[in-house]
Amino acid sequence: MPSDSSQRSRRDTRMLVTVNALPLAVGVLLSCSTSLGEISVYGRLTLALTWAFAQLVVLVGGTWWYEYRAASSFEAAPATTAASRSAGGAW
């Protein structure tokens, strides 16, 4: 039976992929239609540029979240004692 941490890791990986795949799919759809990408959002800022920036923010934020969750799920390694080091114990 898989441990809770491995199930959590798989769930976190699925979440990261899903959160990044959705904006990527919309970006691909926007790139297929130049008229949609050229829609002005504010001044010379277009929908395509806005979406690309949003995609970058989602990627960086999702990666930060995933790394934070992965680092917090590791258990601390057992401390080695002086006796095990001098006896040639495993590291």
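Only one of these conditions is not met by THR63: (1) under 20 Å from the mean Cα position of the chain (by Cα); (2) over 14 Å from VAL17 (Cα atoms); (3) hydroxyl-bearing (Ser, Thr, Tyr). Which number is it?
Looking at each condition in turn, THR63 falls short on (2).
Consider only pairs whose beta carbons are under 7 Å apart and that are at least six residues apart or on different chains; among these, list those whose first residue lies in the stretch 12-29 and is hydrophobic (A, V, I, L, M, F, W, C) and whose second residue is in a helix (DSSP H, G or I).
From the stretch 12-29, the pairs are LEU16/GLY62; LEU16/TYR66; VAL19/VAL58; VAL19/GLY62; LEU24/GLN55; VAL26/TRP51.
Where a number appears in this text, it was derived from the coordinates with a stated rule and is not lab data. All of these numbers come straight from a predicted model, not from anything done at the bench. Positions of Cβ are generated from backbone atoms using ideal geometry, with glycine treated the same way; all protein chains shown enter the neighbour counts.
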